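First the structure, in the form of structure tokens, and then the observations on it.
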Amino acid sequence: GLCIAIPGPTLLDLQEQTNTDTEQISRLFTGRSVGYLFGSLMGGFLFDRVNQTCLLSLSLLLTAIGTAAAPWCTNFLFLVGILAFQGISMGFLDTGGNVLCLYIWGRGSGPYMQAMHFVFGLGAFVAPLLAEPFLSRTNSTNITDSTLDMIRFKFKQVARTVTSVFSSFTKVQFAYLVIAAFVLMVSLMFMLHCCCCGRCSCVAVKYHDSGVNYKIKKESPGFRVQILILLFVFYFFYVGMEVTYGGLVMSFAVNYLGWSKSSGTLVNSVFWGSFAAGRLLAIPLSKCLTPAVMIVADLVLTIFALAGLVIMLNTNHIMLWFCTATLGIGLASIFPTGITWAERYMQVTGKSTAVFVVGSALGEMLLPLVTGFLFQNKGPMWLMYLMMGCAFLSMIVYIIMQNLAS
């Protein structure tokens with residue numbers, strides 16, 4: 001969550017550092033997604049064959065290296081390459097984490113899957129707050145941010161202390177280094193667990209059925225292929241929405257509404273904070289609601305929020321706060337709920353997980369690229385128009401998918 005979200009609030013600083021415009025800098029997400037695509041494909045193959053814990057430790061180590069190196073790049077192409085490298089390791093993480101959760105808890109993994117993805121949302125919420133004290137103050141307006149001052153008080157204290165000691169650290173480099181250090185610590189914890197349990201070997205953990213009884217549709221090869229294709233398309237639109245909005249909403253607030261970087265960062269935090277809250281709420285809800293009901297509710301809430309942004313934002317800028325929070329809640333639990341939905345109709349293995357994770361990677365790769373082009377050349381409101389279109393298409397794909405499964 002920290003690694004996915006940190007480019008969003010620091011995007012304008014990276015843009016200044018590499019001397020690029022919005023269309024060009026949005027290609028960072030595309031570069032990372034290319035790596036994520038390859039990482040997902042390799043992860044889907046390897047996580048069915050070798051020890052998942054050791055692979056997760058290695059992928060976390062590579063993620064830490066990529067995160068630490070990224071903010072020091074002043075050459076745009078080199079920065080894209082570093083994020084592509086980071087994307088490979090994050091593709092491993094995404095595929096491996098979901099597969100390991102299913103292998104441990106089987107078809108009773110719903111609440112655990114929601115909890116795992118909640119922690120992702122929590123990291124994404126913290127990332128803008130961590131970055132804010134280190135952002136440059138150029139091109140900022142004189143808007144007062146008293147609410148933000150209260151939220152970021154402790155982060156500013158840490159920032160002042162550290163920058164007084166390490167005067168060579170400027171702008172956002174330190175925020176990236178803090179995240180890299182945390183990821184490295186988690187990597188070492190996985191490796192320690194792997195070694196202490198005597199499981200650092202090339203043996204995969206076998207699929208575990210928790211004993212929870214569901215009415216599983218009898219699989220046929222044709223049915224499985226159709227469901228996987230639809231999940232591929234569904235996650236293409238969903239993850240594309242999540243990453244594009246989370247990555248560009250700060251730029252939208254600054255460039256279109258004329259807000260300060262601090263206000264834009266707070267909007268970004270509102271999105272990821274409501275995203276985390278939605279995933280936390282989904283943990284108990286997943287015990288009493290079916291995945292189908294949760295997905296429909298999420299998509300309706302998402303469409304409602306984006307409709308508010310498209311229709312009312314030009315006349316009432318406060319709608320950006322309300323609709324961003326609503327959108328975060330609506331998008332929050334779709335990814336893990338989609339996996340548990342699929343688990344009710346077929347066995348989800350590393351390879352099948354890789355299929356819809358690859359769809360996610362392509363959405364993360366292409367939608368920010370298209371949105372960045374339209375944002376720069378047609379106007380920032382195209383961010384909202386495209387998100388609205390993706391939400392409607394996601395709903396259509398899900399209806400087809402549910403009818404097929406039923």
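The values are calculated or read from the model by the stated rules, or taken from the named source; none is laboratory data. Because the structure is a prediction, the values reported are computed rather than measured. Neighbour counts run over all protein chains shown; Cβ positions are idealised from the backbone, glycine included.
Please count how many residues of the stretch 242-262 are part of a loop (DSSP other than H, G, I, E, B) and within 16 Å of THR371 (Cα to Cα). Within the stretch 242-262, residues that are part of a loop (DSSP other than H, G, I, E, B) and within 16 Å of THR371 (Cα to Cα) number 1. All but one of (1) at pLDDT 90 or above; (2) closer than 24 Å to LEU257 by Cα hold for GLN376; which doesn't? Going through the list (1) at pLDDT 90 or above; (2) closer than 24 Å to LEU257 by Cα, GLN376 breaks only (1). Would you be able to say whether some residue in the stretch 10-17 is within 18 Å of the chain's Cα centre (by Cα), surrounded by 19 or more Cβ atoms within 10 Å (Cβ to Cβ), of a type outside the set (Gly, Ala, Ser) and farther than 29 Å from THR349 by Cβ? The answer is yes; a qualifying residue exists. Exactly one residue out of MET384, MET388 is farther than 20 Å from LEU41 by Cβ and crowded, with 21+ Cβ neighbours inside 10 Å: that is MET384.
Here PRO221 passes the criteria (1) over 30 Å from ILE303 (Cβ atoms); (2) surrounded by fewer than 15 Cβ atoms within 10 Å (Cβ to Cβ); (3) at pLDDT 80 or above except the one numbered (3). Against the conditions (1) within 23 Å of ARG279 (Cα to Cα); (2) touching a residue at least 60 places away in the same chain (Cβ under 8 Å); (3) hydroxyl-bearing (Ser, Thr, Tyr), SER352 satisfies every one except (1).
Within the stretch 24-33, identify whether any single residue is modelled with pLDDT under 85, more than 30 Å from PHE134 (Cα to Cα), buried (at least 20 other Cβ atoms within 10 Å of the Cβ) and among the polar types (S, T, N, Q), and answer yes or no. Checking the stretch 24-33: not a single residue is modelled with pLDDT under 85, more than 30 Å from PHE134 (Cα to Cα), buried (at least 20 other Cβ atoms within 10 Å of the Cβ) and among the polar types (S, T, N, Q).
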